[in-house]
Amino acid sequence: MFQTLPCLLVLTLGFTTGTVQVLDEFNYSSSTEVRKNWQELKGTLPLAMQKSNDQNVLLLSAPFASNREIPRAGIDRQVKLDLTTPGVFSVDVKPESPDSNHQVSLYFKSGSGWYSAASSAKGNNWQTLQFLKSDFRSEDKPAGWNKIDTIRLVVWRETDTEPNTHFQIRDLKAITNEIVIIVPDPSQQQKDTNTTAAADRIEGFLQTSGINCDRISESELSTASLGKRSVAILPFNPDLSAKACSTLNQFMESGGKIFLNFHIPPALEKNLGIKKGSYFKPATPGGLSSIHLKDPQIQGLPAEVKQASWNLVTATPSGHGARVVGQWYDEAGKPTGKPALIVSDRGAYFSHLILGDDPLQKQALLTALMGHFQPALWDSIAAATIAQAGQVGPFKTFAELRQL
C-alpha cells in the first residue's frame, strides 16, 4: 500500500515538483478488507467501502444524532513509518452534508506521544485537506517522526444537535517539496517576529509562482529532515546553532543550495563561497531604494526590484563561483557600491530581509533564483502561469466565465 513516486503536485492553486509517499489510497476491494487495516474509534460505525467516480473510497459513518455522547468519529491504523522528511500531509474528504463545516484532525502516534494538526472540511464536494508539518503540535512525549506507529484520522462533531452523517475519504499522502524554509522553533516564533514575517513573505511570493515550500524548525534541522531537497531558505536566522550549521554544510557538500538573508554564520562562509562583511546604515532615508540586477546565467532575473531598506550587512564573494548579481541604488538612482545579492555555485546571500514592496518583481526575483538552483521547478512554474492565465476575476476557468 505504501509507495513513493515523483510527480507534478497540484495543491490548491500551487504546483511544484516534489515527492509523494502514498500512505493509503483507501482503494480496498471490500469492507472486510478495509477493516483488516483500519479500526474504528469508539462510537464510530463499522467502516464500509463505496464507489465515487469509479474509484473505491472509504465511507466513515458518524452517528452524531444516534449517540449524542461521542465528540468525534475516527479511525486508527497501525504502521511502522519514518516520516522525518515530508513537510506536508494531505487527504481527500467529501462530506455528505452541503452545510458541513467539520474540523478534521490528523494524528501520528510515536512511542508514548502524538503529533496532531487540524483542518476544515466545508460543503459536500471533494476537497484536499492539507496539514503542514510545521503546524503539528506534540501531545505528551512523542519519540520522533522517525518512529511513527499509528495513524489516526478524526472528524469532530460540529454541533450538539447535528444529524447522523457520513464522510467519503481517499488518498492519504505525505509530501516532500523541493524547497524548505528554516524557521525558529514554535516557542521562539513570537520572539523572532522578523524571521517569521520574512518567511511568510518569501513563501507567499513563491507559492504565487507555483512553488510550494515546506518548513523545518531550527531544532529539527538534520540530514534526515532535509532529505533530498534542492534548496534550503534561511529568511533571517541569527541564532543558528553549530549543529544546524554542520547540517547545512553537509547539505551544500551533497549538492544542495542555501539562500541566506541578512546574516551569514561564519561556519557557512567557506562552503557557501561568500564572506560576511559589515553592518551598514545609510546616513539619510532613501539611501537604499532599489536593486539593479544582471546575470546572464540566471533565467528570468528582473532588471530592477524596488525595496526601501533601512540597513544591511555587506558580504563579498570568496569562492565557488560567487559573484555579485545585484547592487543597491539610492532613491536618486545612483549606485551605492553595496551588494544586494551575491550568488555562488552553492547558494546565495541577500544583504537585507525580503520585504513586501514591489511584489511582482520580488516574486520574479525569488522565482528566478529558485529556478536557477533547481531547473526542474520551471515545469511547475509554467503550469501555474498557465492555470492563472485562465482565471479572470473570481472565475477560475473560462467555462465558468462563459456561463454569464
- Please work out which residue is surrounded by the most Cβ atoms within 10 Å (Cβ to Cβ), limiting yourself to the stretch 17-60 and to residues that are free of Cβ contacts under 8 Å to residues at least 24 places away in the same chain, among the basic types (Lys, Arg) and outside any strand (DSSP E or B). ARG35
- Would you please name the residue that is surrounded by the most Cβ atoms within 10 Å (Cβ to Cβ), looking only at residues in the stretch 213-231 that are of a type in the set (Asp, Glu) and in contact with a strand residue (DSSP E or B) (Cβ under 8 Å, 6 or more places away or on another chain)? ASP214
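Tally the residues that are without any contact (Cβ under 8 Å) to a residue 60 or more places away in the chain and either over 14 Å from PHE262 (Cα atoms) or not basic (Lys, Arg) (or both), restricting the search to the stretch 272-289. Steps first, answer last, please.
Within the stretch 272-289, the first condition is being without any contact (Cβ under 8 Å) to a residue 60 or more places away in the chain, and the residues that meet it are 275-287, 289.
Then keep just the ones that are either over 14 Å from PHE262 (Cα atoms) or not basic (Lys, Arg) (or both); that gives 277-280, 282-287, 289.
Summing the residues that are without any contact (Cβ under 8 Å) to a residue 60 or more places away in the chain and either over 14 Å from PHE262 (Cα atoms) or not basic (Lys, Arg) (or both) in the stretch 272-289 gives 11.
Tally the residues that are hydrophobic (A, V, I, L, M, F, W, C), touching a residue at least 40 places away in the same chain (Cβ under 8 Å) and surrounded by fewer than 19 Cβ atoms within 10 Å (Cβ to Cβ), restricting the search to the stretch 135-187. Can you show your working first?
Kept after step one, since they are hydrophobic (A, V, I, L, M, F, W, C), are these residues of the stretch 135-187: 136, 143, 145, 148, 151, 153-156, 167, 169, 172, 174-175, 179-183.
Cutting the leftovers down to touching a residue at least 40 places away in the same chain (Cβ under 8 Å) gives us 145, 148, 151, 153-156, 167, 169, 172, 174-175, 179-183.
So of that shortlist, the ones also surrounded by fewer than 19 Cβ atoms within 10 Å (Cβ to Cβ) come out as 156.
Residues that pass the stated criteria total 1.
What tally of residues in the stretch 348-376 results from selecting those that are assigned to a strand (DSSP E or B) and either of a type in the set (A, V, I, L, M, F, W, C) or more than 16 Å from LEU301 (Cβ to Cβ) (or both)?
So the count comes out to 2.
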- Message: Cβ-Cβ under 8 Å, sequence separation 6+ or interchain: first residue in the stretch 230-246 and in a strand (DSSP E or B), partner of a type in the set (Phe, Trp, Tyr). Which pairs?
- Response: VAL231/PHE259; VAL231/PHE373; ALA232/PHE251; ALA232/PHE259; ILE233/PHE259; LEU234/PHE259
- Message: Here's a check for you: in the stretch 248-267, which residue that is touching a Leu at 6+ places or on another chain (Cβ under 8 Å) and part of a strand (DSSP E or B) is surrounded by the most Cβ atoms within 10 Å (Cβ to Cβ)?
- Response: LEU260
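Filter the stretch 120-143 down to the residues that are in a strand (DSSP E or B) and in contact with a helix residue (DSSP H, G or I) (Cβ under 9 Å, 6 or more places away or on another chain) and list them by number.
Let us first name the residues in the stretch 120-143 that are in a strand (DSSP E or B), namely 120-122, 127-132, 137-139, 142.
If the condition is that a residue be in a strand (DSSP E or B) and in contact with a helix residue (DSSP H, G or I) (Cβ under 9 Å, 6 or more places away or on another chain), then ARG137 is the only one that fits.
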- Message: Considering only the stretch 87-95, I want to know if a residue exists there that is aliphatic (A, V, I, L, M) and either over 22 Å from the mean Cα position of the chain (by Cα) or modelled with pLDDT under 95 (or both).
- Response: no
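For (1) more than 30 Å from ALA376 (Cβ to Cβ); (2) modelled with pLDDT of 95 or more; (3) assigned by TED's automatic domain parsing to the domain that holds PHE167, each residue gets a yes or a no:
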residue: CYS7; (1), (2), (3): no, no, yes
residue: LEU13; (1), (2), (3): no, no, yes
residue: VAL22; (1), (2), (3): no, yes, yes
residue: ASN27; (1), (2), (3): no, yes, yes
residue: GLU33; (1), (2), (3): yes, yes, yes
residue: LYS36; (1), (2), (3): yes, yes, yes
residue: THR44; (1), (2), (3): yes, yes, yes
residue: MET49; (1), (2), (3): yes, yes, yes
residue: ASN56; (1), (2), (3): yes, yes, yes
- From the list ILE182, ILE169, ILE175, ILE216, pick out the single residue that is in a strand (DSSP E or B), β-branched (Val, Ile, Thr) and modelled with pLDDT under 95. ILE216
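Results for (1) touching an Asp or Glu at 6+ places or on another chain (Cβ under 8 Å); (2) of a type outside the set (A, V, I, L, M, F, W, C); (3) not assigned by TED's automatic domain parsing to the domain that holds ALA382, shown as yes or no for each residue.
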site	(1), (2), (3)
SER217	yes, yes, no
SER225	no, yes, no
ALA232	no, no, no
ASN249	no, yes, no
ILE258	no, no, no
ASN261	no, yes, no
ILE264	no, no, no
LEU312	no, no, no
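Could we say that SER290 is among the hydroxyl-bearing types (Ser, Thr, Tyr), within 21 Å of LEU360 (Cα to Cα), surrounded by 14 or more Cβ atoms within 10 Å (Cβ to Cβ) and in contact with a Leu (Cβ under 7 Å, 6 or more places away or on another chain) here? Walk me through how you get there before you give the answer.
Working: among the hydroxyl-bearing types (Ser, Thr, Tyr): yes; within 21 Å of LEU360 (Cα to Cα): yes; surrounded by 14 or more Cβ atoms within 10 Å (Cβ to Cβ): yes; in contact with a Leu (Cβ under 7 Å, 6 or more places away or on another chain): no.
So SER290 does not fit the description; no.
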- Query: In the stretch 317-357, which residues are touching a residue at least 60 places away in the same chain (Cβ under 8 Å) and of a type outside the set (Val, Ile, Thr)?
  - Reply: SER344, ASP345, ARG346, GLY347, ALA348, TYR349, PHE350, SER351, HIS352, LEU353, LEU355, GLY356
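The values are calculated or read from the model by the stated rules, or taken from the named source; none is laboratory data. Here the structure is a predicted model, which is why all the values come from computation and not from measurement. Please note: Cβ atoms are built from the backbone with ideal geometry, for glycine as well, and neighbour counts cover all protein chains shown.
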